[in-house]
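Shown next, in structure tokens, is the structure this report addresses.
The values are calculated or read from the model by the stated rules, or taken from the named source; none is laboratory data. From a predicted model like this one, the values you see are computed outputs, not experimental measurements. With ideal geometry, Cβ positions are generated from the backbone for all residues, glycine too; neighbour counts draw on all protein chains shown. Remember, those area values only see protein heavy atoms, side chains included, never the ligands or the DNA or RNA. Shrake-Rupley method; radii C 1.70, N 1.55, O 1.52, S 1.80 Å.
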Amino acid sequence: MTPEQKEKIRAVKNIFIPTNTLQKMLQSMKRIRELAIIDGYKNRPDCMFVTGETGVGKTTFIEQYLEANQRYDVADGEEEKTVIPVLYCSLPKSKRPVHVVEQLLVKMGDELQGKGDDVPGLTNRLVHLAKKAKVELIIIDEFQHAIDAANEDIFEDIGEWFKIFIDAARIPIVFLGVPWAKPILDVNDQLRRRVRKNSYTIENYTLDTFNEFQMFLQRVEQELPIKPYRELWEQEMAFRLFAASRGNLSELMEGIIQPACIEAIYDESQFISERHFIDAVEENTDWLDGNNPLAVEIDKVEALQQKTSSYWNENAERLASKVVKPTYATVKFSNLNLQTVLSKR
């Protein structure tokens, strides 16, 4: 592989286009972080709560944010200390708050690896280390893990611990999770009040937001080191990609566009061909019924668009899962054309 090919692949793998919702989230994160600094961490901070189904772009967004806010070492007298502007932690699946505190301490670089004390003692240690490392923002990912296979008493305890920690540290927290993580906040009024001004839902694209989907594709095409055989944002091509991804950004980028482009680079092709897209869908999409949206006539393309979000059903029958999965509705290209006509009236 030539250096030029390697550079093109790196460019493809690092494409990141923030959607309108992600841009609003970024502004809110900047705001709550700045307000806490201006306040000198004297009052309870505003926090954020972000939900979205798997693959809507939460993880990629956070990876980009962390890349721009890396920890670094500074001289402190004769010693060096580590400054951690943004502390990131993926919440462990836990039935007790102690595991949450331990995980955060490990992420802080605690010498005892989060051991050696009870929850209040560990919490005090975490607050001390966070202040010493000048942590300005904490990001808690996979927030739904607090209620995985748990009952209300358990996730109420974990929610209560976060409230206590926020009150003690006065550092804003961004909570990220799937839609059915909401019960953790519902059982704790004070924690819910901390995030009520900054709650966001990142949604999969649907026909209602198809124009935004097209604009996203247009921006992606501008970033590609190799151009596709036809414009991605053109209505028919965009609908094919919509059908192949269910409007999900992860399935669109990681399952279709990036692998198609990378294969074209390996082939030393001058453009991303139709065959590259067809192969990418067939190799990376396991939920289609055999009709590849990139390989059939447009009137035969059927797309699944999200109809309802996942949620937590506390009243589920015994031994049944309390997580109700999202539902989807089937739409065709004719539905998009009809919606476009009606919207212009």
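Of I226, I272, I38, the residue with the greatest mean-square motion in the GNM of the chain, using alpha carbon springs below 10 Å, is I38. Near Y200, the amide H atoms lying under 5 Å from its own belong to F49, V50, T51; only residues 5 or more places off or on other chains count, and H is placed 1.01 Å from N. Solvent-accessible area per residue in the chain equals 53 Å², computed with a 1.4 angstrom probe and all protein chains kept.
Each Cα pair of the range 1-85 feeds into the Kirkwood radius, which the Stokes-Einstein equation turns, at 37 °C and 0.692 mPa s, into a diffusion coefficient of 202 µm²/s. Checking (1) 184; (2) 134; (3) 148 against volume of the Cα convex hull per residue in Å³ calculated from these atoms, the matching label is (1). Annotation: K322 carries an accessible surface of approximately 50 Å², with a 1.4 Å probe and no ligand, DNA or RNA atoms counted. Dipole magnitude for the chain: about 1260 debye, using +1 per Lys or Arg Cβ and -1 per Asp or Glu Cβ, origin at the Cα centre.
Expected output is a single nm value to one decimal: the length gained when fully extending between R71 and D286, i.e. 0.36 nm times separation in residues minus the C-alpha distance. What is it?
Fully extending the segment from R71 to D286 adds 73.5 nm.
Overall, the accessible surface of the chain at a probe of 1.4 angstrom is composed of carbon and sulfur to the extent of 45 percent.
Take the Cβ atoms of E231 and S90, set R0 to 25 Å, and the FRET efficiency comes out at 0.10. From the square roots a ≥ b ≥ c of the eigenvalues of the alpha-carbon gyration tensor of the range 50-143, which class results: rounded (a/c under 1.5), prolate (a/b over b/c), or oblate? Oblate is the answer for the range 50-143, as a/c is 1.5 or above yet b/c matches or exceeds a/b. Counting charges near N292 (Lys, Arg +1; Asp, Glu -1) among other residues having Cβ under 12 Å from its Cβ returns a value of -4. Comparing Q235, L304, T206 along the charge dipole axis of the range 206-317, the residue lying farthest to the positive side is Q235, per the Cβ-charge model. Along the range 287-294 the Karplus relation, 6.51 cos²θ - 1.76 cosθ + 1.60 evaluated at θ = phi - 60°, assigns HN-Hα couplings of 9, 6, 8, x, 8, 6, x, 8 Hz to successive residues, with x for each Gly and Pro. In this structure, the pairs whose alpha-carbon distance is over 22 Å, taken from K6/K227; K107/K163; K107/K131; K42/K182; K24/K134, are K42/K182; K24/K134.
Taking a ≥ b ≥ c as the square roots of the eigenvalues of the Cα gyration tensor, the range 137-206 is oblate, since a/c reaches 1.5 or more and a/b is not larger than b/c. A crude spin-label estimate for the pair R10 and N313, with each label 7 Å from Cα along the Cβ direction, gives 5.0 nm.
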